[in-house]
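Working notes, structure below.
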Amino acid sequence: ALWIENMNTVLDDNKMLCLANGERIKLAPTMHMVFEVNDLSVASPATVSRCGMVYMEAVYLGNAPYVTSWCRTTLPQLLPKQADEFGAFCTKHLEAILGFVREHCQAGTPTCDANLLAGFFKLLEASLAPERRAASKTSDEREQAQLARLWFVFSVIWGFGGNLREESRSQFDDFLRQSGLLKELNASFPEKGSVFDYCVAPETSSFVPWTSVVPAFAYDKEAPFFDILVPTGSSTCYDFLLGMLIARGSHVMIVGETGTGKSTLVQGFLNKLVATSEVGINPVLASFSAQTSAKNMQDLLESKLDKIRKNLIGAGAGRQAVVVVDDINMPALEVYGAQPPIELVRQTLAQGGFYDLKKLFLKRVQNTAFIAACGPPGGGRNTITPRLVRHFNLLWVPQMSEAAMQGIFGSILSGFLGAHSFPTDVANLASTTVAATIQLYSCMCAEMLPTPSKSHYTFNLRDVSKVVQGLLQITPAKCADAEAFLRLWCHEASRVFSDRLISEADRGWFSTKLSEILHGATGREWPAELFPSLMYGSYMHASDGVHAPYEQLEVAATSTKLDDALSDYNMATTKPMNLVFFRDACHHLARISRVITQPRGCALLVGMGGSGRSSLVRLACAMWEYQCFSIEITRTYDEAAWHDDLKRFMFHAGCKGKPCVLLFSDTQIVKESFVEDINNLLNAGEVPNMMAEEDMSQILNDVRPLAKAAGKGETKDAIYAHFVTLVRQNLHIVLAMSPVGDAFRTRCRMFPS
């Protein structure tokens with residue numbers, strides 16, 4: 001690395017520092033330099049030859065010193081009367097558990113032994129904290145001792161097994177049941193399920209299933225679709241673990257495949273934490289992509305954390321900040337193999353702060369816990385440095401089971417149909433259509449795999465969610481019987497899954513598969529040719545931008561309506577369009593209209609230039625009286641101009657509360673940082689540190705009455721959070737991309753949102 005090469009003269013015997021301006025500084029003979037590095041992959045022979053080398057391996061030190069040290073210092077403070085007993089358990093069993101995990105199990109994220117031990121100790125400390133022991137409501141010493149043993153087993157399960165993949169968890173379960181640990185601790189599990197399915201019940205000093213402590217779900221027909229969270233045994237488990245660790249100031253990393261619900265899980269936990277915590281919580285959301293820089297992350301921390309003093313930020317006394325970093329392993333590697341944003345997070349965790357870029361003093365960060373979420377390496381995601389991972393408790397989120405998906409989406413759909421008084425034969429189809437959707441989703445994941453020419457063939461749990469969201473648009477008046485509801489389901493499934501497919505062969509396979517699944521679920525034999533012609537929309541009887549009921553449409557009637565809309569558009573614009581509404585154009589317009597009228601509806605239009613993508617989007621906006629924004633590229637168009645345009649779009653959506661569309665094509669990408677900003681808007685509804693002081697003042701003044709009317713409070717944080725919510729709800733981003741070349745495939749990989 002360059003800075004090391006510049007240090008070569010310092011490493012010489014004369015210890016002379018030569019600066020770029022020609023100044024030479026001699027270091028005192030008593031000054032020495034020590035480098036501690038992971039490897040020598042970017043070290044030159046010139047540097048290596050000037051240093052004495054000491055190669056250290058963890059195996060020589062072993063784990064015994066760490067375990068013994070913790071048992072002698074921390075354990076007596078937690079359990080004064082049982083310290084010797086638990087110390088003996090640690091000495092006897094922890095090494096064997098570690099050995100089994102290393103030899104027979106597959107971890108979600110690579111770790112070192114000290115990392116797993118630290119995770120176990122943090123969990124045990126959180127479990128045996130005075131406030132948790134007080135919750136047991138028993139003063140009997142024998143019961144308290146038995147409860148502590150159960151917490152010890154619980155900490156072993158999630159400290160050593162929390163990072164294991166699904167297939168390894170069953171092996172870990174067998175090992176733990178057969179080892180002598182459970183017998184020695186007088187802890188027994190029921191035969192049904194695995195040890196991961198049980199939690200400690202302080203009231204009875206026993207293990208009970210997570211499913212027995214799941215809160216009841218009640219459907220609220222006034223709640224927006226994205227705010228509906230159905231608790232399950234798994235979500236209750238991770239909520240509990242996150243709450244226990246974050247309350248103690250520990251950091252948590254949640255790892256899992258794409259679409260397992262990591263972001264939803266963390267968002268639900270944060271909402272609950274803000275609502276129920278006794279201390280004030282300041283949630284900070286960040287999302288990394290391939291183009292995120294260290295400065296982006298530093299700007300976010302400096303703008304979102306409270307400024308306590310010049311050199312101290314974070315949360316004040318009696319408050320806690322929780323920083324959530326989504327897709328933490330996405331940043332691209334720099335030339336020497338590091339990921340700068342990750343290194344900034346690591347420095348914050350390891351040294352308690354980071355350096356001010358202008359005056360070079362250390363800014364301390366206090367009372368701040370980090371929650372990181374990421375997928376396993378591959379497909380644009382990189383392996384995270386062990387130097388960062390060591391600060392986190394690791395939790396692997398397994399793929400959601402079909403039973404859990406059925407429970408979540410079945411509860412939402414049956415709640416909707418019941419709350420809006422749909423006919424009984426329609427309401428009875430709730431569980432059937434959800435099961436059919438899950439079966440269709442599983443087939444798509446297994447058969448329609450991504451290839452270089454089909455790089456966007458990636459399906460996840462959000463697709464099932466979008467099908468259900470589409471079903472919630474219907475009204476009882478437009479869905480009189482079971483046949484009408486099943487037609488709607490076939491349409492929504494086609495929109496979510498079939499619209500992504502690029503060839504007639506793939507679309508034909510989908511229609512045949514949909515027909516088979518429908519026949520298997522309901523016994524109805526509908527021909528595969530029926531599904532491509534299904535078309536629903538709410539614009540046939542809409543006027544002045546007011547939504548009409550969502551209903552089935554006919555191509556002939558639609559074509560007439562669209563001709564009228566085009567005439568109105570051409571009369572109001574200086575750039576008239578001359579369009580012919582053939583069958584495919586009508587279908588495409590209905591699809592675009594369906595997306596931009598849904599809350600948070602955003603579209604990616606993939607097609608060759610000149611295929612009518614932009615024209616149809618502009619007409620769809622005119623039909624709904626939405627403002628259609630786009631950027632004008634000039635020779636001097638730069639990042640500052642782009643940010644000014646983005647602010648204008650966001651103010652229209654957030655301050656005025658009016659729906660609008662941002663139409664952005666790949667020909668307008670002057671810098672890749674533009675796509676990074678779009679990625680942030682899709683993910684979080686804002687671009688970090690983009691708003692200046694005068695922009696924030698405008699937001700607070702304009703959004704205050706809207707936030708007050710929505711019952712959100714009048715604090716600065718509450719008003720800005722409501723602004724972000726309105727932007728996400730009203731700013732519909734439509735991207736027009738060409739599949740030609742590698743650019744589209746690369747961007748799909750680098751910008752997951």
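I want to check the label-to-label distance for Glu529 and Asp695. Put each point 7 Å from Cα in the C-beta direction and report it in nm to one decimal.
5.5
Run the numbers on the chain and let me know its relative contact order in percent, using alpha-carbon pairs under 8 Å that are six or more apart.
On the way: 972 pairs, mean separation 71.3, N = 753.
Relative contact order, the chain: 9 percent.
Charges on Cβ only, +1 for Lys and Arg, -1 for Asp and Glu, centred on the Cα centroid of region 203-281; of Gly268, Met253, Ala218, which one is farthest towards the dipole's positive end?
Checked the options; the winner is Met253.
Enter the accessible area of Glu334 (Å², nearest 10), with the probe set to 1.4 Å and all protein chains included.
Surface accessible to solvent at Glu334 totals approximately 70 Å².
Cα axis of helix 716-730 to longest principal axis of the chain: angle in degrees, 0 to 90, nearest 10?
40
Rounded to the nearest 20 Debye, what is the dipole magnitude of region 669-717 about its Cα centre when Lys and Arg each give +1 and Asp and Glu each give -1 at the C-beta? Don't jump to the answer; show the numbers that get you there.
Details: 5 positive and 10 negative charges, 58 e Å.
It comes to approximately 280 debye.
Tell me, what is the percent relative contact order of region 413-543, built from C-alpha pairs under 8 Å that lie six or more residues apart?
Worked out over region 413-543, it gives 26 percent.
So for Asp584, Asp306, Asp84, Asp645, what's the accessible-area order with a 1.4 Å probe, most first?
The residues order as Asp84, Asp584, Asp306, Asp645, largest area first.
So, with a 1.4 angstrom probe, what is the percent of accessible area on region 609-658 that is carbon and sulfur?
43
Rounded to the nearest 0.05, what FRET efficiency is calculated for Glu184 and Phe240 with R0 set to 30 Å and r the Cβ-Cβ distance?
The formula returns an efficiency of 0.75 here.
Can you tell me the 0 to 90 degree angle between the C-alpha axis of helix 262-276 and the longest principal axis of the chain, rounded to 10?
It is inclined by approximately 80 degrees.
Determine ³J(HN,Hα), in whole Hz, for all residues of region 301-316 in sequence, where each value follows from phi through the Karplus function 6.51 cos²θ - 1.76 cosθ + 1.60 and θ = phi - 60°; x replaces Gly and Pro.
Rounded to whole hertz, the list is 4, 5, 8, 9, 7, 5, 8, 8, 9, 4, 10, 9, 10, x, 10, x.
For the chain, what proportion of DSSP beta bridges, expressed in % and rounded to the nearest 5, is antiparallel?
30
So if I place +1 on the C-beta of Lys and Arg and -1 on the C-beta of Asp and Glu, and nothing else carries charge, what would the dipole magnitude of the chain be about its Cα centre? I want it in debye, nearest 20.
For the chain, the charge dipole is close to 1320 debye.
Using the 2.2 N^0.38 Å rule of thumb for compact globular proteins, work out how region 661-712 stacks up: its C-alpha Rg over that value, please.
Working it through for region 661-712, the quotient is 1.47.
Roughly how compact is region 452-580, stated as its Cα Rg over 2.2 N^0.38 Å to two decimals? The partial results should precede the final answer.
Values: Rg = 17.2 Å, N = 129, 2.2 N^0.38 = 13.9 Å.
So region 452-580 has a normalised radius of gyration of 1.24.
Which one, Ala521, Phe510, Val279, is farthest towards the positive end of the dipole of the chain when Lys and Arg carry +1 and Asp and Glu -1 on their Cβ?
Of Ala521, Phe510, Val279, it is Val279.
Can you list the residues of region 74-92 with backbone N under 13 Å from a point 7 Å past the Cα of Ala145, pointing along Cα to Cβ?
The answer is 80-86, whose backbone nitrogens lie closer than 13 Å to the label point.
I'm spelling it out carefully: the read-out is Rg and Dmax of the Cα atoms in Å, the candidates are (i) 28.9, 91; (ii) 54.0, 184; (iii) 32.8, 106, and one was derived from this structure. Which label?
Here the calculated entry is (i).
Going by the alpha-carbon gyration tensor, a ≥ b ≥ c the square roots of its eigenvalues, is region 276-419 rounded (a/c under 1.5) or, if a/c is not under 1.5, prolate (a/b greater than b/c) versus oblate?
Oblate, because a/c is 1.5 or more while a/b does not exceed b/c.
Please compute the Kirkwood hydrodynamic radius over region 288-353, one decimal place, Å, based on all pairs of different Cα atoms.
On the way: mean 1/r = 0.0777 Å⁻¹.
Roughly 12.9 Å, rounded to one decimal.
For every helix of n ≥ 4 consecutive DSSP H residues, a contribution of -39,500 (n - 2.57) applies; sum these over the chain, divide by its total residues, and give [θ] at 222 nm rounded to the nearest 500 deg cm²/dmol.
Numbers: 31 runs with 366 residues, N = 753.
Per the formula, -15000 deg cm²/dmol.
Rg over Rh of region 55-181, using C-alpha atoms and the Kirkwood radius, what does it come to?
Working: Rg = 15.2 Å, Rh = 15.5 Å.
That ratio equals 0.98.
Inverting the mean 1/r over all pairs of different Cα atoms, compute the Kirkwood radius of region 77-134 and quote it in Å. Spell out each step's value before the answer.
On the way: mean 1/r = 0.0767 Å⁻¹.
One over the average 1/r among Cα pairs gives 13.0 Å for region 77-134.
For region 129-248, evaluate the Debye formula with one uniform point scatterer on each Cα (no solvent term) and list log10 I(q)/I(0) at q = 0.15, 0.18, 0.23 Å⁻¹, rounded to two decimals.
-0.78, -1.05, -1.47
How far is helix 64-73 tilted, in degrees, relative to the longest principal axis of the Cα atoms in the chain, given as a value from 0 to 90 rounded to the nearest 10?
Its long axis makes an angle of about 90 degrees.
Using a 1.4 angstrom probe and counting only protein chains, how large is the accessible area of Thr47 in Å², to 10?
10
Given Cα pairs under 8 Å that are at least 6 residues apart, what percent is the relative contact order of region 469-590?
21
Just order 105-116, 358-369, 208-219, 245-256 by mean Cβ neighbour count inside 10 Å, highest at the front, would you? Intermediate values should be presented prior to the final figure.
Values: 105-116: 17.8, 358-369: 15.8, 208-219: 13.5, 245-256: 21.4.
Answer by packing, highest mean first, reads 245-256, 105-116, 358-369, 208-219.
How big is region 601-726 in terms of Cα radius of gyration and Dmax, in angstroms?
15.8, 48
Assuming 0.36 nm per residue, please report the length gained on full extension of the stretch Leu2 to Lys221 beyond their Cα-Cα distance.
So the chain would gain 72.8 nm between Leu2 and Lys221.
Where the only charges are on Cβ atoms (+1 Lys, Arg; -1 Asp, Glu), what is the dipole of region 259-412 about its Cα centre, to the nearest 20 debye? Mind showing how you got there, number by number?
Details: 16 positive and 10 negative charges, 128 e Å.
Computed about the Cα centre, the dipole is about 620 debye.
Determine, at each q value in 0.12 (inverse angstroms), the log₁₀ of I(q)/I(0) that the Debye formula gives when each Cα of region 588-646 is one equal point scatterer.
-0.38
Farthest toward the dipole's positive end in the chain, which of Thr634, Ala332, Val67, given Cβ charges of +1 (Lys, Arg) and -1 (Asp, Glu) about the Cα centre?
Of the listed residues, the answer is Val67.
How would you rank 672-684, 630-642, 19-31, highest first, on the average number of other Cβ atoms within 10 Å across their residues?
Listed from highest to lowest mean packing, they are 672-684, 630-642, 19-31.
Give the Debye-formula value of log10 I(q)/I(0) at each listed q (0.11, 0.16, 0.18, 0.22 Å⁻¹), with one equal scatterer per alpha carbon of region 212-292, two decimals each.
Scattering profile of region 212-292, log10 relative to I(0): -0.35, -0.74, -0.93, -1.31.
Leaving ligands, DNA and RNA out of it, work out the accessible area of Glu203 with a 1.4 Å probe and give it in Å² to the nearest 10.
Here the residue's solvent-accessible area equals roughly 140 Å².
Efficiency by 1/(1 + (r/R0)^6): what FRET value for Arg635 and Asp584, r their Cβ-Cβ distance, R0 = 45 Å, to the nearest 0.05?
Plugging the Cβ-Cβ distance into 1/(1 + (r/R0)^6) gives 0.75.
Where only protein heavy atoms count, and the probe is 1.4 Å, what is the accessible area per residue for the chain in Å²?
Here the per-residue accessible area is 48 Å².
What is the percent carbon and sulfur in the accessible area of region 181-292, measuring with a 1.4 Å probe over the protein chains and ignoring ligands?
53
Between Glu625 and Phe361, what's the calculated FRET efficiency when r is the beta-carbon distance and R0 is 41 Å? Round to 0.05.
Taking R0 as 41 Å, the efficiency between Glu625 and Phe361 is 0.20.
The values are calculated or read from the model by the stated rules, or taken from the named source; none is laboratory data. Please read these numbers as outputs of a predicted model, since none were measured by experiment. Don't worry about glycine lacking a Cβ; one is built from the backbone with ideal geometry, like all the others, and counts go over all protein chains shown. We work out accessible area using only protein heavy atoms, side chains counted, and drop any ligands, DNA or RNA first. Shrake-Rupley method; radii C 1.70, N 1.55, O 1.52, S 1.80 Å.
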